[in-house]
Each structure stands twice: as C-alpha cells, then as structure tokens.
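*Asks:* Just passing along the structure, written as structure tokens.
Just so it is clear, none of the values below were taken in a lab; they were calculated from the coordinates. All values reported here derive from a predicted model rather than from experimental measurement. Counting neighbours? That spans all protein chains shown, and the Cβs are built from the backbone with ideal geometry, glycine included.
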Amino acid sequence: MKPIPQERWKRWQQRLVQSLLQYHGREDHATVRVLLLACLGTVGMPLYYVIWSHFFPQEYESLPLRMFGILLCALGLFARQFSRGGLQLYLLVALSYIFPFFFTYMFVMNHASGVWGESLLIGLVVLFHFDTGVALRAYLIGTALACAAAVAQGEGAVLLSRPVLQQLPIHWFTITALSVAKISRNVLAQEKLAGMGAGLATVAHELRTPLTSVDANVRGLLRMMADAQGHTPDERLSIIDALSRIQFEVRHMNHMIDLFLLSATAVRQNLHPVETVSMEKVVETVLKRYPFASHSQQKMVRLELRHNFHFAGQSELAVVVLLNLMRNALRAVQRAGKGRVRIVVDGGHMPPRLLFIDTGCGITAQQMGLIFRRFYSHPPHNGAGIGLALCREILEAWSASIRCVSRDSAYAIFILEFPQPSVPSR
C-alpha cells in the first residue's frame, strides 16, 4: 500500500494538470502565455529583489529597473482586453525587456557572477518556450540593448571578459536545443495528423463498395415493391418507408465519407489561399450537398444573405468548414429536440463575416474552451474530434478566424471573420 502523502501528492498533481488544461482551453493560446508571463513577472520581480538585496546580497541591484519590469508585467494582466496586434506587440516588448535585457544587464553589472549566470540561462530557457521567431527577435533586441546599457555604465570591458564570453556557447547551444525540440514536436504532430488522414481515407474507401451495393439493392427492391402484388397498401407503404430510410442512411454515410476524405486531404495539403471564393456560392453548395434527413429538417435551415463577399481561400476547403458547422448545428438541434439553424452572410460588416446560428442545446461554459481542441468531442462518442480543430486551422491559414458565442440550452453562434477581399498570388 502506497504512503498516504504520496497518494495525496499524485491526486494534487492530477487536479493541477486538469485545471491547467481547462484554463488553457478557455483562452486563446497567446493570451494564456501572456497572462502566465505577467503573473510570473509580477510576483518574481519584487520577490527576488528582496532575496538578492537582503538574504543573499549581490554586487549590483536596481530597484528602478525592477519597478519598470513589475509595471510591464502588471500591464500584461489585462491581456484579455488587447487586440491581436496589441497582444503580439506587448509580447515582443515584454519578452525583450524581462529575459534578455534585464537578465543580461544584471549578469554583466554583477561581473558574470554565478547567481546571475544561472539566472540568465534559466531566462533563456523560458524565453525560447515561446514562439521561436518572437523569442529570437526578443533575444537579439534585448541582448543588444543590455550590452549598450552596460557600455554606457562603463562596464564595456566586462563584456569582453572570459567569464562572460564563455557563457555564449552555452547559451547558443541551449537556444539551438530548444528550437530543435520544438521542431521535433511539430513534426510528430504532423505525422500523427497525416497518419490519421491516411486512416480516414482507407476507411472511407473500404466502406464505399458495400454501401454502393446496399444502395443498388435497395433501389431494386423499391422497384420490385412498386410492382409487387399480394401486399396490402399499408404493408407496401411500411416496406417502402423502411427501404427509403435505409437509402437515406446510405446517402448520409456517403456524405460522411466525402467529408472524411476532404478532411483527410486537408490535413495533408497546403491550406494557403489559391483562389478568390464567393461566400454565397459556398453556402449554396453546402445546402445542396448536405443529406438532410427529411424535408422538415431542410426547412429548419434558413439562409439570410445580407451582402455577399469574396475572400482568399480554397472553395473545396470552405465547403469542408461549412459542412462541419452544418452537421454540428443540426446535431445540436436534434439533441435539444427543438430549434432552427440560420446562416447569415454579412459582407457589409467590417470585417466581412459569416454567422452560423443554431438555437439547439447550446454549449456549456466548461466545454466552450475545449471545442476547438484537436481530438476533443462532446458527447465523447460524437465523432473523432477533428472537425472544429480543422476548421480553425483552415481559416487561420487564410488569415481568417472562427470563434463561438453560446448559452447553454439556448443557442450557439459560430462567427467566421475574414480579412478584406484581395486577390491571392498564384
């Protein structure tokens, strides 16, 4: 039997991991990183000022530099209110100041002490856990400014000293190792997606033949039943109705296979825009291709064309996105046992947008942060969990965005926003 403290520690670890996953799911990934950086800096800057000033005094310390760092980190606590561009600008400024500039400057001003040498190395490790491009720019900017500030303070000779120069190979090796590790993780993720895509394609092709055979046999039976004698009218109608339902299921499975094949292709192909696409035509194509269960289900879906618009993308992939949204919306209506679906093409809005609205079961606050996470589905048996993740990946490749606003048991609105129309380069 395991010791009780060890069991409690494992339970605490599991709760912490689950809470972090849910927290990451509720926010945009960049926003989460800014918030974590802001919290870390707001607490760490004053804490280590006390440690290095009173408990383990260092040769050099600067309260004004730490105060500026605290203010900069405190500003990041309001990251949710930043625009996308403002968030990226703040991240570059904050990273440049906190890790390369502050840590490098303090390392030089303390004459390459062991404490600040290790602190600088840890700072670089944290820095290069962010996007490599942003981290590299921050490293170059912050390091250059720190060296210039040290020279201005008369410490230029320290920069060329052996204790400082011997740190450079260690830092560059650390940066290279972290960058290679991130590339390896991306390659593994792409391999997993490619394998999943190939698996979907194989399953789809394997299902085609039996489904075609079933469909052909049902059509033959329907013709025979139409001419058959010896059945009462009610019996014949029941048989014909059952065969019609089977035929619908076959059509629906063929549609799902088409969707799987398109999704598998999208996983492997270049998602970047290659044509100018009409949103009105895409929506009309989806309405024609979707296998509605009945005429009444088809009437649940209403198109509201306020103003058509064009966007840079790929028409077939745009169909994949809207088919996924249509399927999810109708399933939400089916689970709720009530509701309708409304598709609004609003090119007059700035930016141009498409609204996919259903008044079905809605999405709970707990699920909201996870719906765009790859391999997440709700209910758990409701698909492979690649639909919405794929939709976001496709739209981001077109510089567009997708987000959801929902109220549990009331509605869900998927908002697709596109940049101003432009003709993509071929």
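*Asks:* Which of Leu145, Cys39, Val125 sits closest to the plus end of the dipole of the range 4-165, meaning its Cα is farthest towards the positive end, when Lys and Arg get +1 and Asp and Glu get -1 on the C-beta?
*Replies:* About the Cα centre, the residue reaching furthest to the positive side is Cys39.
*Asks:* Projected area of the range 4-165, taken from the Cα convex hull and averaged over every viewing direction, in nm²?
*Replies:* With every direction weighted equally, the projected area is 11.5 nm².
*Asks:* Then there is this: Would you work out which of Pro57, Pro100, Trp116 lies farthest towards the positive end of the dipole of the range 31-190? Charges go on Cβ: Lys and Arg +1, Asp and Glu -1.
*Replies:* Selected residue: Pro100.
*Asks:* Further question: Just subtract the alpha-carbon distance of Ser409 and Arg306 from 0.36 nm times their residue separation and send over the number in nm, one decimal. Intermediate results must be reported in sequence, preceding the final value.
*Replies:* Working: separation 103, 0.36 × 103 = 37.08 nm, distance 2.74 nm.
Taking 0.36 nm per residue and subtracting the Cα distance, the gain is 34.3 nm.
*Asks:* Starting from 0.36 nm per residue, how many nanometres of slack lie between Ser179 and Gln58 once their C-alpha separation is accounted for?
*Replies:* 40.3 nm
*Asks:* Taking the Cβ of Met300 as the centre, find all other residues whose Cβ is under 11 Å away and add up their charges (Lys, Arg: +1; Asp, Glu: -1).
*Replies:* The answer is +4.
*Asks:* Can you find, among Pro351, Ala397, Ala332, the residue sitting farthest towards the positive end of the charge dipole of the range 273-426, where Lys and Arg contribute +1 and Asp and Glu -1 at Cβ?
*Replies:* Of the options given, the answer is Ala332.
*Asks:* Right, next: For the range 385-415, list residues with backbone N below 18 Å from a point placed 7 Å from the Cα of Ala365 toward its Cβ?
*Replies:* Inside the label zone: 404-413.
*Asks:* While we're looking at this one, here's another question. Step through the residues of the range 159-168 one at a time and calculate ³J(HN,Hα) from phi using the Karplus curve (6.51 cos²θ - 1.76 cosθ + 1.60, θ = phi - 60°), rounding each to whole Hz and writing x for Gly and Pro.
*Replies:* 4, 9, 6, 4, x, 7, 5, 6, 7, 4
*Asks:* Between Tyr48 and Leu159, what FRET efficiency follows from the Cβ-Cβ distance if R0 is 22 Å, with the result rounded to 0.05? Provide the component values of the computation, followed by the final result.
*Replies:* Numbers: r = 23 Å, r/R0 = 1.06.
The calculated FRET efficiency here is 0.40.
*Asks:* If amide hydrogens are placed 1.01 Å from N in the peptide plane, which non-local residues have theirs closer than 5 Å to the one on Val301?
*Replies:* Val341
*Asks:* Could you tell me the distance between the Cα centroids of the range 295-372 and the range 68-82, to the nearest Å?
*Replies:* The two parts, judged by their Cα centres, are 36 Å apart.
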